[in-house]
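Taking it in order: structure first as structure tokens, then the write-up.
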Amino acid sequence: MSKNSVREVALDIVTRVGHQGGFSHLLINKTIQQKGLSHKDTALLTEMVYGTIQRKDTLDYFLSPYIHNKKKLKPWVLWLLYMSCYQMVYLDRVPDHAVIHEAVEIAKKRGHKGIVSMVNGVLRNLQRKGPASLEEIAEPMQRLAIETSHPLWLVNRWVEMYGMDETARMCYKNLERSMMTVRVNTTRTTREEVIKHLTDDGFKVAPTTLSEQGIVIHEGNIIQHPLFQEGALTVQDESSMLVGEMMDVQEEMNVLDACSAPGGKSTHIAEKMNNTGAVHAYDLHAKKVALVKQKAEQLGLTTIKTAASDARMLPQQYDEHTFDRILLDAPCSGLGVVRGKPDIKYAKSEDDVIKLANIQLQLLQSVSRLLKKNGKLIYSTCTVDRKENEEVVASFLREHPEYEVDPSFFTDLPKETNGLVGLSQWGLQLFPHDFDSDGFFLTRLQRKDGHHG
């Protein structure tokens, strides 16, 4: 595929994400499959789509002196300018004149003469005079918001919760691409064997710190590797793996995963139990449940029972005190995973966070009834907002004084988490800059001794 056609495909994706609310990661994966892109084309496409969306607000600011009446522009024209600006400012490989030439060619194909000369004029001004200076933004939070392309409400909210330094670290980290990590299927092989095998095959890999099953892939295309194809490995973020580690499961247990799609944690739990016992994996949508089933089959795990259900309705299907372990990986705002899904930061609002926190509390109240007297329940989210994390746990414990945060949760955590700013009496908040992994919250609850209600 020519560079120009890769850019056209990239333009289609960013316009759909930016204007119609598509999901970047899904659209990229679909495009790669449909068009059978080469490794090189895939890298260019991914770089341009993620980079442009990740830095949209910064690009908008850079171009602002040269675009008059932005509202009148068609969405594809605006995104063509953003994408070209991204390449000119952040990518050294392509010379400016080539970027401008290609943008003009795309404009000719898609628009009239007026659009062509406007695109040419804006980009030539950018080349000559440079991007608008960030130095001119005096207010520190506004400057951080524009420099790292995060909505101002979000920066303000994080600064209020975690202070300026921690927020700045998180915002800058969110601009980096996340690392690829995989989990070893221990029912088939060991981490040592996989590391040796991959290293022999020319991969650059390292063990993860938060899970004894995790491997970081620094170099090499793991998806094409036979180990992956055969179900000895599955892609999972390191923060996510910590959930499976902290479930504290033993063989033959009866486990509930209440919001299980796409199945990373369900399959991890099944591996931890050596494919014994049972994992009851639910999700709201049948389509998503199919993903869990598919993942279990790929990994050869036979103990996962899948079905579609609203987790708030599960007490109607099971007796109280049915499960040894319960995982509630609750639906959340996803603000911990914006490195991999950059569109999230523009799509969410403060209202979303409040609505989600209410649902999370309802879910926790429902599934907790199904926990055995000496059982343990993990509550986790892939977000970094106290309202959805610590405050949900605190509200639940206020309303259910028979429960507590399991004291052994803190001693069972990997020693590398000691002293992290995200540790509190309610659990552990991981930030993207802690382990170069997703922002994630988790805690473990249990009934207090003597409370068997």
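Tabulated data
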| quantity | calculated |
| --- | --- |
| Residues of the stretch 61-87 that turn out to be in a helix (DSSP H, G or I) and crowded, with 17+ Cβ neighbours inside 10 Å, as a count | 16 |
| Which numbered condition GLY202 misses (of (1) part of a helix (DSSP H, G or I); (2) open to solvent by 10 Å² or more (accessible area, probe 1.4 Å)) | (1) |
| Matching residues, the stretch 324-341, being open to solvent by less than 10 Å² (accessible area, probe 1.4 Å) and part of a loop (DSSP other than H, G, I, E, B) | ALA330, SER333, GLY334, LEU335, GLY336, VAL338, ARG339 |
| Matching option when the condition is at pLDDT 90 or above and over 21 Å from HIS150 (Cβ atoms), among HIS39, HIS97 | HIS97 |
| Unmet requirement for HIS321, which otherwise passes all of (1) touching a Leu at 6+ places or on another chain (Cβ under 9 Å); (2) in a helix (DSSP H, G or I); (3) not acidic (Asp, Glu) | (2) |
| ASP385 being assigned to a loop (DSSP other than H, G, I, E, B), closer than 30 Å to LYS348 by Cα, touching a Lys or Arg at 6+ places or on another chain (Cβ under 8 Å) and open to solvent by 10 Å² or more (accessible area, probe 1.4 Å) | no |
| Candidate set: the stretch 176-199, residues that are part of a helix (DSSP H, G or I) and touching a Leu at 6+ places or on another chain (Cβ under 8 Å); chosen: the one surrounded by the most Cβ atoms within 10 Å (Cβ to Cβ) | VAL194 |
| Any hit, the stretch 219-237, residues being crowded, with 18+ Cβ neighbours inside 10 Å, among the charged types (D, E, K, R) and either in a helix (DSSP H, G or I) or at pLDDT 95 or above (or both) | yes |
| Close pairs from the stretch 102-121: first charged (D, E, K, R), partner surrounded by 18 or more Cβ atoms within 10 Å (Cβ to Cβ), Cβ under 7 Å, at least 6 apart | GLU102/ARG7; LYS108/VAL116; ARG110/TRP76 |
| Hits in the stretch 10-35 (condition: open to solvent by 60 Å² or more (accessible area, probe 1.4 Å) and more than 17 Å from TYR82 (Cα to Cα)) | PHE23, LEU26, ASN29, LYS30, GLN33, GLN34, LYS35 |
| From the options ARG55, ARG93, residue that is surrounded by 13 or more Cβ atoms within 10 Å (Cβ to Cβ) and farther than 20 Å from GLY114 by Cβ | ARG55 |
| Filtered residues of the stretch 88-133 (kept if in contact with a Phe, Trp or Tyr (Cβ under 7 Å, 6 or more places away or on another chain), among the charged types (D, E, K, R) and part of a loop (DSSP other than H, G, I, E, B)) | none |
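The values are calculated or read from the model by the stated rules, or taken from the named source; none is laboratory data. Remember, predicted model here, so these are calculated numbers, not experimental data. When we count neighbours, we look across all protein chains shown, and the Cβ atoms used for this are built from the backbone with ideal geometry, even at glycine. Areas reflect the complete protein model, heavy atoms only, side chains present, ligands, DNA and RNA absent. Shrake-Rupley method; radii C 1.70, N 1.55, O 1.52, S 1.80 Å.
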